[in-house]
Amino acid sequence: MTTVSRNNSLVPDRAHYNAEYFGYGRYFSLAHQVAEAMEVRPRSALEVGVGSGLAAHAMRTMGVQVTTLDVEPTLAPDIVGSVLAIPCADASFDVGLCCQVLEHLPFEQFAAAMRELRRVVGGRLVLSLPDVSRRVRLDLDLFR
């Protein structure tokens, strides 16, 4: 994996998203993420972590105004910035996607990232994190 160090984390750059990155599981995961986001019929969406660009492309094809945010400028996000300080007003987006992103942050920053996502997303927030085990426990208090 080609990465750039940003804020004590490893952030994938454009070279990371090559033929080896994609497989059936990756496509199924992307399809599920987009389906979850589209279920609420959003007009606007924030995608944190540009990744391959497929999720944003799919939603734009369906008429959603998608804004992308990433710390890595080579991925050409709409906004170069951090999930810890999103330069957008409260409830700016109907839906948010933050998939395969939060694992690149130190665990101590997870709660702050979740608060910031909740602040800018007025509706559904779709999260996806890699999981190497069959069981995971996560307790979140996201009420405003």
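Scanning the range 107-117 for residues that are touching a residue at least 12 places away in the same chain (Cβ under 8 Å) and either open to solvent by less than 50 Å² (accessible area, probe 1.4 Å) or of a type in the set (D, E) (or both) yields a count of 5.
Being within 17 Å of V11 (Cα to Cα) and touching a residue at least 40 places away in the same chain (Cβ under 8 Å) holds for only one residue in C88, C98, and it is C98.
Among the residues of the range 66-87, those that are modelled with pLDDT under 95 and open to solvent by less than 10 Å² (accessible area, probe 1.4 Å) comprise E72, L75. G63 meets each of the listed conditions (1) at pLDDT 95 or above; (2) in a helix (DSSP H, G or I); (3) over 16 Å from the mean Cα position of the chain (by Cα) apart from (2).
The values are calculated or read from the model by the stated rules, or taken from the named source; none is laboratory data. Treat the numbers as computed from the prediction; the structure is a model and nothing was measured. Ideal geometry is used to build each Cβ from the backbone, glycine not excepted, and the neighbour counts take in all protein chains shown. Just the protein is used for accessible areas: all its heavy atoms, side chains included, with ligands, DNA and RNA removed. Shrake-Rupley method; radii C 1.70, N 1.55, O 1.52, S 1.80 Å.
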